[in-house]
Amino acid sequence: MHERGLRSVLLHMSRPMTKRIWRCWAVTINYKKTNEDPIVIRKRQPRRGKGSRIERSAGNGKRRGESRRHQQHEGSKTIIGRFQVSADDIVGFILSSGGQAETAEIMGAFDLGRSARKELHNGLHALVTQKVLRQIDDDTYGVRDSQEYSEGILTVNPRGFGFVVLDPPPARNQPSDVFVAERNLSTALHGDRVLIKISSVGREGKQEGRVIKVLDRGTELIVGIYKAGTPVGMVSPEDERFAFNILVRREQSCGAKDGEAVVARITEYQNVGGVNCKGEIVEVLGNPDSLRVQTEIVIRKFKLPHVFSPEVEQQLAAVSDIVEVGPGRLDLRNILHITIDGETARDFDDAVAVETTATGCRLYVSIADVSHYVQEGSALDAEAYQRGTSVYFPTMVVPMLPERLSNNLCSLVPNQDRYAFSAIMDFDHQGRLQNKRFGKSVILSRYRMTYTLVRQILIDQDPAVREQYSVLLEPLAEMEKLARLLLKERMARGSIGFELPEAFVEVAEDDTVKNVARSERNFAHQLIEEFMLAANEAVAHAMDDKHLTRGLYRIHETPDPIKVAEFAQFAKTMGLAIPNEGPGTPAWFGKVLELGKGTPQEYIVNNLLLRTMKQARYSPDNAGHFGLAASHYCHFTSPIRRYPDLMVHRALAGFLSSGTPKPARKPPKLKEGEEYQDPVVAAGEFLSSRERVAVDAEREMVDRLKVRYMEDKIGESFAGIVSGVASFGLFVELLDSFISGAVAITDLTDDYYHLDERNHRMIGKRTNRIYQIGTLVQVTVSSVEKARRRINFVINS
């Protein structure tokens, strides 16, 4: 019977009979017209057991925030059996197999028996007719327009849609990501590596596509909250980008109690049209109200390596704690080095000293010699590289190096001989660099100073503190003098003076948030910053002069002129008299910052201006640093907590010991079809990504603590500033604590407000009252949503 005729008969039958007949029809072929047409083969499904009915009921019907992608799959496909083979499946397999495949390979890939060969053959020919595939010979097929397909990493928005960041990245001036509507995500999840087909390109070159195949699952372990059930419970992921539940049978719950935070491993991913995944609990974190547990959640959510391997511990146990001046090391123990850090710092990786000379002064910047203890290629080195950076939370630190190194042997603690790598720089009376040299050394730090103490000595002129540290009065005065000269010289060349204070979160001993306030920044911070910048620039110049190819520069490229123009247009709506001369130059940025200096809008202006710039990153190719107006820049001063600094130390030490640059690593032997990537280039990309992960993790942890701090402040009022405007309302940031919250448009009850999208503001229809970025407001905390990390305000009348 013809398909159309059979369908019309089915429509007039009773429901049970319809299901039985249609099931038989679907086993042979489903020729529904969808964007994945034709669905070639369906395998017979075994009879369901009792457990399936229980597991279906555990999801309570629709999943939380059930997505249109699942509704579409359920409505447009007949799913019979444990899996299906579609046009997208076949295209995905062929592309991931080098661009062509034989029929037998396709059958093997999808576990199809000999009886399915004819149906598969017909399906392949249909795809050739539809110009999806091309037939290379009698039994071999390829994809007709392979340039329409790309690979990348999927990032899902909590609202359902996603973007695929193309990898490898496209040519310059080409879009680097592709928008994927929710209905086109198929079974792909956030973080998956996927194959996509570009379906359309918009007027501005923006691309839209659909997921063809999941190439690699990006997530196996998920942190969530366990809801106990009998016999099946479920884990609701903490991350809103995973809008599904994980079903867990009681015997696989690891003893978790209802409401506890857990780590679940996905054992069975959802199929097309599926709602939930299946899994097992592998770790119980505890009560999510505990700050310790919140920290553990963030560590696992961002996949931060936090446990050192037995190989690392074994290597660490063999490290000697003896420090001696050996061949090739400078003995600088007679130089008056001091460290200046925050009150809570435990890893002191830099010590400084200044001596007066006949022509000016000499600056010593001595940095912990991590390369002495962390041998290249060792287990400890591999672990440090994978971490990339230390991650600092208000509750704890996830260190790049084990504590015996980071807080002891490598830390420049006072009155202990320590191995260091010293940059020794001579400056004239105007603060201009005259000479520089570098060497491995042994130093003896004399004092552990804090920013507060230095401020009290230099700025506050506190008599009691000055008397206590009388031996440091002259050295600190010389340091202040040099730091001010260096700052003046740097600003004169066009360096951009961003002032971005941060929130300081104080955690009490009883595991609660004691306070959130503006972190203090004074000239003591500036003093150390200027000395570190000077050392980093001097080392970068040396790397370039000596052609040291195994280190990484810290580069910051010129901002996109379009973004600069957009900022300038927007800033004018805030009433700023933006200069017209030289837009986008460092000098222009400096003038804009001066316009907001000392006003309540200063923080907002700094933030918005920063967003117009590109992110700084690591690269073996020197492209200069735009923000610092520096032709050469690298990171040399923090090898305890940053792996790029360790690479720079090794590159410089290799040259100092031999007098010639250490040659680049020999390229490995490549397999056919593989492309060679320089390991230093790869390291720059990887370590830049690790830095971004650390920043995101630190920011989220602070946001979690801010929400918990505000949960008992409901009804209290605070001064704030509008930091964003959207169709649903306003974002407000509190002036004294940098805590952000939202004001819903429905809570602006004094008028009917509409969004002026062009000028980024809300305008009252009756009163003409305007809320725009930079508007000062008084707000009251109306509610706090801990699970969603949201704070809601209302504006005081």
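The values are calculated or read from the model by the stated rules, or taken from the named source; none is laboratory data. Just so it is clear, the model here is predicted, and its values are computed rather than measured. We place every Cβ from the backbone using ideal geometry, glycine too, and count neighbours over all the protein chains shown. Surface accessibility is based on the protein's heavy atoms, side chains included, excluding ligands, DNA and RNA. Shrake-Rupley method; radii C 1.70, N 1.55, O 1.52, S 1.80 Å.
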Being acidic (D, E), open to solvent by 50 Å² or more (accessible area, probe 1.4 Å) and within 28 Å of the chain's Cα centre (by Cα): is that true of E509 here? no
Mind checking whether some residue in region 594-602 is touching a Ser or Thr at 6+ places or on another chain (Cβ under 8 Å) and assigned to a loop (DSSP other than H, G, I, E, B)? no
Being part of a helix (DSSP H, G or I), in contact with an Asp or Glu (Cβ under 8 Å, 6 or more places away or on another chain) and more than 23 Å from V695 (Cβ to Cβ) is the filter here, so list the residues in region 374-407 that pass it. A379
Hey, does region 362-376 have a residue that's free of Cβ contacts under 8 Å to residues at least 12 places away in the same chain, in the same structural domain as L316 (by the TED database) and open to solvent by 50 Å² or more (accessible area, probe 1.4 Å)? yes
E105 vs. criteria part of a helix (DSSP H, G or I), modelled with pLDDT of 90 or more and under 16 Å from G92 (Cβ atoms): yes
Would you mind telling me which numbered condition in (1) over 19 Å from M574 (Cβ atoms); (2) surrounded by 14 or more Cβ atoms within 10 Å (Cβ to Cβ) A787 fails? (2)
Test R159 against the stated conditions and say whether it is in contact with a strand residue (DSSP E or B) (Cβ under 8 Å, 6 or more places away or on another chain) and either surrounded by fewer than 18 Cβ atoms within 10 Å (Cβ to Cβ) or without any contact (Cβ under 8 Å) to a residue 12 or more places away in the chain (or both). no
Scanning region 250-275 for residues that are open to solvent by 20 Å² or more (accessible area, probe 1.4 Å), touching a residue at least 60 places away in the same chain (Cβ under 8 Å) and not β-branched (V, I, T), the one farthest from L304 (Cα to Cα) turns out to be N271
Residue list for region 306-345, restricted to those being among the β-branched types (V, I, T), over 30 Å from T452 (Cβ atoms), out of contact with any strand residue (DSSP E or B) (no Cβ under 8 Å at 6 or more places or on another chain) and part of a loop (DSSP other than H, G, I, E, B): V307, V319, I322
How many of the residues in region 309-351 are out of contact with any Asp or Glu (no Cβ under 6 Å at 6 or more places or on another chain), buried (at least 18 other Cβ atoms within 10 Å of the Cβ), within 21 Å of G377 (Cα to Cα) and of a type in the set (A, V, I, L, M, F, W, C)? 1
Residue pairs qualifying under the 8 Å Cβ cut-off, at least six apart or on distinct chains, with the first in region 303-323 being under 22 Å from M396 (Cα atoms) and the second being loosely packed, with under 14 Cβ neighbours inside 10 Å and at pLDDT 95 or above, are P305/Q386
G724 meets each of (1) modelled with pLDDT of 95 or more; (2) closer than 24 Å to D239 by Cβ; (3) assigned to a strand (DSSP E or B); (4) not hydroxyl-bearing (S, T, Y) with one exception, condition (1)
